[in-house]
Ligand code: IPM
Ligand code: MG
């Protein structure tokens, strides 16, 4: 199984190193063979080649089974023009690989209940929300520009969706809902935006193919509020690129830390892009402080979705859970009475627990 690895910037290399430990251990325990090829993207690629996504990187990723990505971005590149920023590389690789459905599971490990910012009674016996974020359309990719006015300037970005783009991501969400609690909430801003009205119409149409799934709709402002008021009402969420970006950060905090949430980006083919939902946290880079769990859980998603190995995926998730049970915590999820450990030790301990 061939995996392209993009360590990226900031804490990217620190956390990806832990993912390697986990995959090496999986390879022993489950008799799987992984071949890694490291490629550059983001700030690292800008420094070497002057562009955030070199053609060679995309070519290699396209020919491979799965791509594992740490994180990209950092202050150093913040003042470059938009199309040359590290983030532009991330958007280009998502688009280039055609991975239009971004799965962001927000699962609260019971051991981390008290690390959540929500009261225990709101969290009840746990939280398990799957956010399906549209990833290759909408305002992230719409036409944008800037022009001079007689006084100051004007700048614009465009939110636009086609029937086809909504249909295919809606279908992914319905399929996932079908395998879970069969409840899907589509989130839009149909009271204001025309693109959202189309979104809602198309989702309703796709729903006809899934009579067993209960579909409801929510405006994004209300959804943001409902997520903190009563997050347990959600099973699967499907939403646009930008709303999904915002709501998945919010959902992650319910689970204790941004450092806990993995993601899988899938398209029509078998290729998948796997990355933690958090950023590159340059202030923590190289200090053995970052939480590698989101990246490690992303490798579990890779085993599940790209390699069809539910057994290995579950083993990684159980290993994470066991290490949390044993009271080990990185600083972002540290609680009184627990044992504070660094990135490396967290990686070692999780790998060692894979059985
Ligand atoms: C994410 C990130 C990216 C996004 C940034 C880094 C471009 O916030 O994956 O959620 O907005 O998609
Ligand atoms: Mg984001």
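Kindly state which strands (runs of 3 or more DSSP E) lie completely within region 2-117 and contain at least 1 residues that are over 27 Å from residue 349 (Cβ atoms) and touching a helix residue (DSSP H, G or I) at 6+ places or on another chain (Cβ under 8 Å).
Numbers: elements: 2-8, 35-38, 66-71, 101-107.
Qualifying strands (runs of 3 or more DSSP E): 35-38, 101-107.
Residues are listed down the side, and each one gets a yes or a no for (1) within 13 Å of the chain's Cα centre (by Cα); (2) assigned to a loop (DSSP other than H, G, I, E, B); (3) within 16 Å of ligand 1 (Cβ to nearest atom):
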position: 243; (1), (2), (3): no, no, yes
position: 249; (1), (2), (3): yes, no, yes
position: 278; (1), (2), (3): yes, yes, yes
position: 320; (1), (2), (3): no, no, no
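Residue-level analysis places residue 261 among those that are at pLDDT below 95, buried (at least 21 other Cβ atoms within 10 Å of the Cβ) and within 16 Å of ligand 2 (Cβ to nearest atom). Among the candidates 166, 206, 228, 192, the residue that is within 22 Å of the chain's Cα centre (by Cα) and farther than 30 Å from residue 121 by Cβ is uniquely 166. The set of residues from region 173-194 being surrounded by fewer than 21 Cβ atoms within 10 Å (Cβ to Cβ) and closer than 18 Å to residue 102 by Cβ comprises 175, 176, 179, 180.
Filter region 335-348 for residues that are in a loop (DSSP other than H, G, I, E, B) and exposed (fewer than 14 other Cβ atoms within 10 Å of the Cβ) and give the result.
Step one: list which residues in region 335-348 are in a loop (DSSP other than H, G, I, E, B), which gives 335-338, 341-342.
Result: 336, 337.
Just one of the listed residues (45, 71) is more than 26 Å from residue 300 (Cα to Cα) and buried (at least 22 other Cβ atoms within 10 Å of the Cβ), and it is 45.
Which one of these is outside the structural domain of residue 162 (by TED's automatic domain parsing) and either more than 16 Å from ligand 2 (Cβ to nearest atom) or touching a residue at least 24 places away in the same chain (Cβ under 8 Å) (or both): 283, 249, 235? Give the steps one after another, and end with the answer.
Values: 249 fails: outside the structural domain of residue 162 (by TED's automatic domain parsing); 235 fails: outside the structural domain of residue 162 (by TED's automatic domain parsing).
Every option except 283 fails the conditions.
In region 335-355, what count of residues is obtained for those that are under 11 Å from residue 289 (Cβ atoms) and either under 20 Å from the mean Cα position of the chain (by Cα) or touching a residue at least 60 places away in the same chain (Cβ under 8 Å) (or both)? Result for region 335-355: 3.
The values are calculated or read from the model by the stated rules, or taken from the named source; none is laboratory data. Quick caveat: nothing in here was measured; it's all calculated off a predicted structure. Note that we place each Cβ from the backbone using ideal geometry, even for glycine, and neighbour counts take in every protein chain shown.
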